[in-house]
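Peer 1: Provided herewith is a single structure, encoded as structure tokens, for subsequent inquiry.
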Amino acid sequence: MRKEQPITRRKPSSLIEQLRNETTNLEKNRLQNKMRLAARLQDIIEAKSWNQREFAEKMQKQPSEITKWLSGTHNFTMDTLSDIATVLSTSLSELLFPAVPVAQQYRTVVKSHLPLCPSISYITPSEDALQSAGVTGLHSKQLMRHGQQNWGYSCIIPQQTKFIGRTYYSSNESRKEKYA
Amino acid sequence: MKYQIVELIEFSGKVAAIYSILPEGSETTLFDDFLNRYKDTHREGLKNIEGRITMISDETGARSIFFKENEGKPGDGVCALYDNPDHQLRLYCIRYGSGIVILGDGGPKPPGVRAWQDDEALSRPAEQMIEISRQITERIKEGDISHGPDGSYLEGDLDFDDEVENGEMQD
């Protein structure tokens, strides 16, 4: 029989609080920035569909060196950061100060065996949510019919576009789309 | 050792939930014991580990790149957190994806020691987490523990009554 959520520790550790209070802002920021950069590097490498070994080959480094880079503990030199940005085909500023993560490209296709219900209002995020967000210049495809009983739509959103809305379909579809 | 998996509210953040092992009859978790044991000799290392856990829970998630992986058996999730820059401490954990980490005990890794198997002080906490991971995996297979719909928390029967001592099951 399943129990509820785990019991939270009843006595918070004073030692953890002490350690936090003893950590200077310089120490905290160094740690955070190193981990953020490592996470950023990992994301960019994966976005290129590379693994660490492939990235190491392109950087002409040993895989163990890349492991250190991604550990969140490495203290990079400016030259190394510049080389990394070059290999990743990005700028140093983009590497260090990425734009706010947004939905970069989004596509969904929903098929239904039921005919469209005229009483249900279908909201296309490209028209509704983006207008609310003040986004212009959207390229989208309107509703497409693949036959009498099947339908679907696709919507391609350019980069740097932020979605704030959701699209709900008929209840028997049970599909909800999320946006970054 | 009978134990319970408890959530550490000081750490559990927006991105990952952090747990530890609370032995029956004890008021301190294995992670607490690790902190208390080395608070005088490796305080800077503990501060660094605390900061890394906080970042993991609040921002980056428990990415595999932040852990020393494969410290246990293949696929059991047992790994180690270490301090920077000295890398003197090892904190053994169980990682389930990027959303769940269970902190155990650990200790200093002496220079020249390549693996925990070569050091008696590290063997105990490592083998302990390997056994705990095995038990958790069994319950996951039986459906008594799950990771939550988005893999960001544990739910189910987190009380363990089986005896675990020195990494071996008691009959």
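Peer 1: Could you list, in sequence order, the residues of the range B:113-144 that are more than 17 Å from the chain's Cα centre (by Cα) and among the acidic types (Asp, Glu)?
Peer 2: Residues satisfying the conditions are B:Asp118, B:Asp119, B:Glu120, B:Glu138, B:Glu142, B:Asp144.
Peer 1: Further question: Quick one: how many residues across the range B:36-52 are in contact with a Leu (Cβ under 7 Å, 6 or more places away or on another chain) and touching a residue at least 40 places away in the same chain (Cβ under 8 Å)?
Peer 2: Here the count works out to 5.
Peer 1: Tell me which of these B:Glu10 doesn't satisfy, since it passes every other one: (1) within 10 Å of chain A (Cβ to nearest Cβ); (2) acidic (Asp, Glu); (3) closer than 21 Å to A:Ala38 by Cβ.
Peer 2: That leaves (3) as the condition not met.
Peer 1: Taking the range B:1-13, which residues are closer than 21 Å to A:Leu19 by Cβ and touching a helix residue (DSSP H, G or I) at 6+ places or on another chain (Cβ under 8 Å)?
Peer 2: B:Leu8, B:Glu10, B:Phe11, B:Ser12, B:Gly13
Peer 1: Could you say which residue among A:Leu41, A:Leu37, A:Leu31 is under 23 Å from B:Val15 (Cβ atoms) and facing chain B (nearest Cβ under 8 Å)?
Peer 2: A:Leu31
Peer 1: Which residues, taken from the range B:21-70, are within 8 Å of chain A (Cβ to nearest Cβ), over 28 Å from B:Phe160 (Cα atoms) and assigned to a loop (DSSP other than H, G, I, E, B)?
Peer 2: The one that is within 8 Å of chain A (Cβ to nearest Cβ), over 28 Å from B:Phe160 (Cα atoms) and assigned to a loop (DSSP other than H, G, I, E, B): B:Lys39.
Peer 1: Report, by residue number, each residue of the range B:151-171 that is modelled with pLDDT under 50 and either surrounded by 13 or more Cβ atoms within 10 Å (Cβ to Cβ) or acidic (Asp, Glu) (or both).
Peer 2: Selection gives B:Glu165, B:Gly167, B:Glu168, B:Asp171.
Peer 1: Only one residue in B:Asp33, B:Asp76, B:Asp58 is under 17 Å from A:Gln32 (Cα atoms), touching a residue at least 40 places away in the same chain (Cβ under 8 Å) and charged (D, E, K, R), so which one is that?
Peer 2: Going through B:Asp33, B:Asp76, B:Asp58 in turn, the sole match is B:Asp58.
Peer 1: What are the pairs with Cβ atoms under 7 angstrom where one residue, in the range B:96-109, is closer than 16 Å to B:Thr41 by Cα and surrounded by 22 or more Cβ atoms within 10 Å (Cβ to Cβ) and the other, located anywhere, is at pLDDT below 90 and small (Gly, Ala, Ser)? Sequence gap at least six, or different chains.
Peer 2: Taking only residues 6 or more apart or on different chains, the pairs are B:Gly107/B:Ala121.
Peer 1: Kindly indicate which of B:Arg134, B:Arg124, B:Arg139 is in contact with a strand residue (DSSP E or B) (Cβ under 6 Å, 6 or more places away or on another chain) and either more than 14 Å from chain A (Cβ to nearest Cβ) or modelled with pLDDT of 90 or more (or both).
Peer 2: Result: B:Arg139 is the single residue among B:Arg134, B:Arg124, B:Arg139 that is in contact with a strand residue (DSSP E or B) (Cβ under 6 Å, 6 or more places away or on another chain) and either more than 14 Å from chain A (Cβ to nearest Cβ) or modelled with pLDDT of 90 or more (or both).
Peer 1: Now for a separate question. Output the residues belonging to the range B:1-20 that are part of a loop (DSSP other than H, G, I, E, B), touching a residue at least 12 places away in the same chain (Cβ under 8 Å) and not β-branched (Val, Ile, Thr).
Peer 2: B:Met1, B:Lys2, B:Leu8, B:Phe11, B:Ser12, B:Gly13, B:Lys14, B:Ala16
Conditions tested, residue by residue: (1) within 14 Å of the chain's Cα centre (by Cα); (2) at negative phi; (3) modelled with pLDDT under 95; (4) not β-branched (Val, Ile, Thr).
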residue	(1), (2), (3), (4)
B:Ile56	yes, yes, no, no
B:Gly72	yes, yes, yes, yes
B:Gly77	yes, no, yes, yes
B:Pro111	no, yes, yes, yes
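The values are calculated or read from the model by the stated rules, or taken from the named source; none is laboratory data. Just so it is clear, the model here is predicted, and its values are computed rather than measured. Methodologically, a virtual Cβ is constructed for each residue, glycine included, from the backbone with ideal geometry; neighbour enumeration extends over all protein chains shown.
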